[in-house]
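Working notes, beginning with the structure itself.
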Amino acid sequence: MLTLVNGAETRAGAAGPPAGMARKARVSATDAGTGAAEAPGPIRIVLLRLCIPQAWRSTSGLVLFAFVLTHFLNHALGHVSLEAMQQAQMVRRAIWESWPGTLLLYGAVAVHIGLALWKLANRRTWRMPLWEAAQIALGLSIPFLAAGHVMSTRGLSALYGVEPTYVTQLRLLWPAKALSQSLLLVIVWLHAMIGLHHWVRLKNWYRAWSPLLLAFAVLVPVLALTGWIEGARRLALTHVEAPPLSGLLLDARARLIDRTEAVIWGVALIVSAMIVTTRLAGRLGSGPAIVYSGGRQVKGKAGATLLEISRAAGIPHASVCGGRGRCTTCRVLVLEGSERLPPPDVTEASALLRIKAPPGVRLACQIRPSHPLTVRPLIPLRASTPRVVQDDDRWGVERRVTILFADLRGFTQLAESLYPYDTVFLLNRYFEAMEQEIRRHGGRVDKFLGDGIMAVFDETSERRSGSREALEAAQAMLTALDELNVEFRSTLPQPLRIGIGIHTGPVVLGRIGAGQERGVTALGDSVNVASRLEALNKEFGSVLIASDATVRSSGLDIPGAELREIAVRGRVQPLRIHVLKSLRPSRTTSELSSALCACAGNNPGVRRV
């Protein structure tokens, strides 16, 4: 019986290049596009990411989100009482109005707005996904709506020493500013949620937690909106002693708001002028000719990124993160002209380093070609055409899965002692039993390979992890094999034996073949590793070999298994595996089922596969 243990979990790695592209080198920060070999390390990746403007933008956004979240939760206390709102406000002010808090908050505002406007000014095309356009529009409206509120609180407090209590602010807002204040609250929250969603949607845990996060995303603004309105209504119905703002302070507040809005409009005009200048330069400049695999050629605008050129030409081009360098789904293989491209900057180099990209692979959102290129998008979107029914599997979809290989031992020699019809019947009966157990545990048979089986277990399952299902399926397959041996005891000269290899990692799922006989299959290095693990059973005399990535991701331990390290051809780092030896004849596979609970092992050293 398989047992869950605490802490047995692995982080899902980034998906690598599609199958058919050999991983010949690991790219570094300065030579990611040239293929110079260098083993990446986690510390180096972190240091690289600290230099990425997008990382600064994301970090500053998280700081601003923390400020907004505490502010909105403070509003929600209006459902309790004005005193509760004010007490929580004192705690918030102690944090955010301290010197560290002030520097952190104002620094985050400057970095986030500055980087966002700089990226906006350098756009070469306005073709973009709807969510990206909505986020930009919401973000641009925030300064105009927030100017009055900020000057009424921070402005009066910093310049005139007016304490921004809830009593004072609610009197200023209710009822004249109720609509604009509520609109500001909703816009700020929507802008933050769009950004957070498209940032964490790539994380493996997001799908399982998304229902709870959705409830959180809805409840917080609703409670904040109704909370501050309830507090304002209570204040209007009760007599609360508080010194009102004098006429001089009201005039000072109006002047602060006017000057702030003038600054905002000035910045808006400067950014608009930069956008117009950039667009004119792109139209007047000599743009590069881009040839896509398939023969289509387009003329790009000068200074535009390859992703912007694709979008402007209406060419489907994947970009999950919206061209921010947070993912690698826009990557392309540069077939011609790569030698004239500038080396990757820190944003691109860090992303290529994480996926161990081979030579010639670049991110379309980061390169700005100034000369002709011939490229092949590696993760293209499906073409939108009403005449052909297409699906994502036609193009290939990157996914983290668990691959299981099972192979009958010595079946060729065994078949020589049987009649051909008996051999076919026995093999079909074996496949039927094995496929039944694979399907029962959430997997699917990818293909039958002679007397072998390749099965795929999806790691994105909301119910359970594919690695856990694969290990449990292996246990059930060994049990089913015992039953088959009993069934064919009088026919077989010796019992059937199998070897199972299991590995978890990124693959490309796509439809392979010609005509109508095209099935979805898994391709990539992870498939090769699983196949090699299965073959190793012959060398180790074992029934099951699972990679450490699979075991840790499953939350299960395999008792009696030996923990080894092996060197695999094509890999720099050794691979840790769990080897379960063959059982003695006196033991049955059922005993194995009850034994799979705790792990023990040793490391006899590195073996060459």
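The values are calculated or read from the model by the stated rules, or taken from the named source; none is laboratory data. Predicted model only: the values in this text are computed from it and were never measured. In this analysis, Cβ positions are derived from the backbone assuming ideal geometry, glycine residues included, and neighbour counts consider all displayed protein chains.
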Picked from the range 370-386 (must be among the aliphatic types (A, V, I, L, M) and closer than 13 Å to Leu306 by Cβ), the residue modelled with the lowest pLDDT is Leu378
Of the residues Ser586, Ser594, which is closer than 25 Å to Phe411 by Cβ, modelled with pLDDT under 85 and either of a type in the set (Gly, Ala, Ser) or not in a strand (DSSP E or B) (or both)? Ser586
Heads up, the helices (runs of 4 or more DSSP H) in the range 85-191 (entirely inside) with at least 1 residues that are over 17 Å from Ile264 (Cβ atoms), acidic (Asp, Glu) and touching a Leu at 6+ places or on another chain (Cβ under 6 Å) are none
What is the number of the single condition among (1) closer than 20 Å to Leu64 by Cβ; (2) surrounded by 17 or more Cβ atoms within 10 Å (Cβ to Cβ); (3) over 34 Å from the mean Cα position of the chain (by Cα); (4) among the β-branched types (Val, Ile, Thr) that Val150 does not meet? (2)
The condition from (1) hydrophobic (A, V, I, L, M, F, W, C); (2) out of contact with any helix residue (DSSP H, G or I) (no Cβ under 6 Å at 6 or more places or on another chain); (3) at pLDDT 85 or above that Ile257 misses is numbered (2)
Count - residues of the range 317-361 that are in a strand (DSSP E or B) and closer than 19 Å to Arg127 by Cα: 1
Where Glu437 falls short, out of the listed (1) touching a strand residue (DSSP E or B) at 6+ places or on another chain (Cβ under 8 Å); (2) at pLDDT 90 or above; (3) of a type outside the set (A, V, I, L, M): (1)
State the number of residues belonging to the range 529-558 that are within 22 Å of the chain's Cα centre (by Cα) and not in a helix (DSSP H, G or I). 1
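The rows are residues; the columns are (1) modelled with pLDDT of 70 or more; (2) at negative phi.
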{"residue": "Leu353", "(1), (2)": "yes, yes"}
{"residue": "Lys356", "(1), (2)": "yes, no"}
{"residue": "Arg394", "(1), (2)": "no, yes"}
{"residue": "Val397", "(1), (2)": "no, yes"}
{"residue": "Gln413", "(1), (2)": "yes, yes"}
Can you tell me which residue is farthest from the chain's Cα centre (by Cα) among those in the range 410-447 that are crowded, with 17+ Cβ neighbours inside 10 Å and more than 14 Å from Phe488 (Cβ to Cβ)? Met434
How many of the residues making up the range 250-272 are in contact (Cβ under 8 Å) with a residue 40 or more places away in the chain and polar (S, T, N, Q)? 1
